[in-house]
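Structure below; questions to follow.
The values are calculated or read from the model by the stated rules, or taken from the named source; none is laboratory data. For clarity, every value in this text was computed on a predicted model and none was experimentally measured. Here the Cβ is made from the backbone with ideal geometry for all residues, glycine too, and neighbour counts use every protein chain on show.
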Amino acid sequence: MKKTSVLILLLTGWLKLHSQDAQFSQYYAASLYLNPALNGIYDDPSLHMNHKRRLQSVDVINELTQVSFILPIKTQGQYEQPTAGAGIMAFNERSGFEGVYQRNSVFLNYAHNIKLGLLSTYLISLGAQVGYEMRTLNFSNLAWGSQYNSFYGFDDTRPVPVTEFNDQQQNLVVNAGIMYYYNPERNYLLHKYSGFVGISATNLNRPNTSYAEDAEETEPVLWKYHGGLQVKFNKIFITPSILYLYIRQTQQFNAGANFAYVPGAEEYRAKGTQLLFGVWYRLRDSFIFSGGIKYSSLAVRISYDLNTTLFVPEKTIDLAQSSMEISIQYSLSKNLNLKRVSNPLF
């Protein structure tokens, strides 16, 4: 029993770390999941959806889904920069054999803007996020050594030998972030580029995520650092950016760029239909390619994670599994002819 308990603790610890490292490849399209402060820089109410799923394997599931709604807050008029933003996000993760592990959460979001400069050339957004999170690990779906016999192998009629763990645990989660934005209006007549940088922290309240009864395992803080800039060359808008994550001395680094070809682009703004392309690199993990279109108030992107065998030994080739992701953004703007500020990454 002692060895079995140790095995379960190791397993749940791995699943927990895996869940905290779970990230969207199109992180720039999942604003509230990336940084609560991004809630403050949207000009129009908008709906966002991301869904990512690993390919190749049928029984072993690894998928992420987020749906969010963002509502800008303006005090003077519909054409001014928002003074704040409110939002709500729902998130779901499933992983393991037949989805043995699940994480579901709902977050409320608020961000406040501080405008600086004569024409509000500089903007600082402060964001906070509070949510309820429920994690489920179905111990009855796991196979145990005591459930095997010498006649025909695994016997699922034998009872699960572990009873000192809960299948479900629930927590209040607090996240926060800050973001600096240069040229938020993306006015390329007055400025040659726009730039941004942000920091966010997940699990600031360090919730107890242990499945064991009468035990405590505080969740570490997940730090996210992101930044980039956007430049315009005739009808092409290029937005290189980076994302760096740090948790428990584990690091992840992403770098790449989005490209938007806008046939109807004007001298200082994007206008009309946009053809979207992107290429990214997740350090020692995968190459990411994306493509999509933005038409009127709707933007759709599809990306493919090519988890290359360059980074894994041949004997563990099953670890190199690719994934696909789709993101959808729908703006509720009433005047689509005006340039509307949204996530600085697109």
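I'd like to verify a number: residues in segment 158-169 that are modelled with pLDDT of 65 or more and surrounded by fewer than 12 Cβ atoms within 10 Å (Cβ to Cβ), how many?
Total satisfying the criteria: 1.
What tally of residues in segment 78-107 results from selecting those that are more than 21 Å from Ala128 (Cα to Cα) and among the hydroxyl-bearing types (Ser, Thr, Tyr)?
Of the residues in segment 78-107, 3 are more than 21 Å from Ala128 (Cα to Cα) and among the hydroxyl-bearing types (Ser, Thr, Tyr).
Condition first: surrounded by fewer than 15 Cβ atoms within 10 Å (Cβ to Cβ), among the aliphatic types (A, V, I, L, M) and modelled with pLDDT of 95 or more. Now tell me which residues in segment 115-157 satisfy that.
Of everything in segment 115-157, nothing turns out to be surrounded by fewer than 15 Cβ atoms within 10 Å (Cβ to Cβ), among the aliphatic types (A, V, I, L, M) and modelled with pLDDT of 95 or more.
Now for a separate question. Take the conditions part of a loop (DSSP other than H, G, I, E, B) and in contact (Cβ under 8 Å) with a residue 24 or more places away in the chain and apply them to Asn171. Does it pass?
No, not satisfied.
Is one or more of the residues making up segment 103-114 modelled with pLDDT under 80, of a type in the set (S, T, N, Q) and either surrounded by 13 or more Cβ atoms within 10 Å (Cβ to Cβ) or over 19 Å from Ile199 (Cα atoms) (or both)?
no
Does Val67 satisfy being modelled with pLDDT under 95 and among the β-branched types (Val, Ile, Thr)?
Against the criterion (modelled with pLDDT under 95 and among the β-branched types (Val, Ile, Thr)), Val67 does not qualify.
Out of all the residues in segment 237-259, is one or more surrounded by 15 or more Cβ atoms within 10 Å (Cβ to Cβ), over 26 Å from Met324 (Cβ atoms) and modelled with pLDDT under 85?
Taking every residue of segment 237-259 in turn, none turns out to be surrounded by 15 or more Cβ atoms within 10 Å (Cβ to Cβ), over 26 Å from Met324 (Cβ atoms) and modelled with pLDDT under 85.
Pull out all pairs, ordered by first then second residue, where Cβ-Cβ is under 6 Å, the residues are six or more apart or on different chains, the first lies in segment 90-114 and is in a strand (DSSP E or B), and the second is surrounded by fewer than 18 Cβ atoms within 10 Å (Cβ to Cβ) and basic (Lys, Arg).
Between residues of segment 90-114 that are in a strand (DSSP E or B) and residues that are surrounded by fewer than 18 Cβ atoms within 10 Å (Cβ to Cβ) and basic (Lys, Arg), there is no close pair.
Which residues, counting only those in segment 174-195, are assigned to a strand (DSSP E or B) and more than 18 Å from the chain's Cα centre (by Cα)?
Correct list: Tyr180, Tyr181, Tyr182, Tyr193, Ser194, Gly195.
Which of the residues spanning segment 203-254 are touching a residue at least 60 places away in the same chain (Cβ under 8 Å) and of a type in the set (D, E, K, R)?
Glu217, Glu219, Lys224, Arg248 - these are the residues of segment 203-254 that are touching a residue at least 60 places away in the same chain (Cβ under 8 Å) and of a type in the set (D, E, K, R).
Please state which one of Leu38, Leu47, Leu119 is part of a helix (DSSP H, G or I) and hydrophobic (A, V, I, L, M, F, W, C).
Residue meeting the stated conditions: Leu38.
Conditions (1) at pLDDT below 90; (2) assigned to a loop (DSSP other than H, G, I, E, B); (3) charged (D, E, K, R), marked per residue:
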{"position": "Lys271", "(1), (2), (3)": "yes, yes, yes"}
{"position": "Phe287", "(1), (2), (3)": "no, no, no"}
{"position": "Ser290", "(1), (2), (3)": "no, no, no"}
{"position": "Ile293", "(1), (2), (3)": "no, no, no"}
{"position": "Arg301", "(1), (2), (3)": "no, no, yes"}
{"position": "Lys315", "(1), (2), (3)": "yes, no, yes"}
{"position": "Lys334", "(1), (2), (3)": "yes, yes, yes"}
{"position": "Phe346", "(1), (2), (3)": "yes, yes, no"}
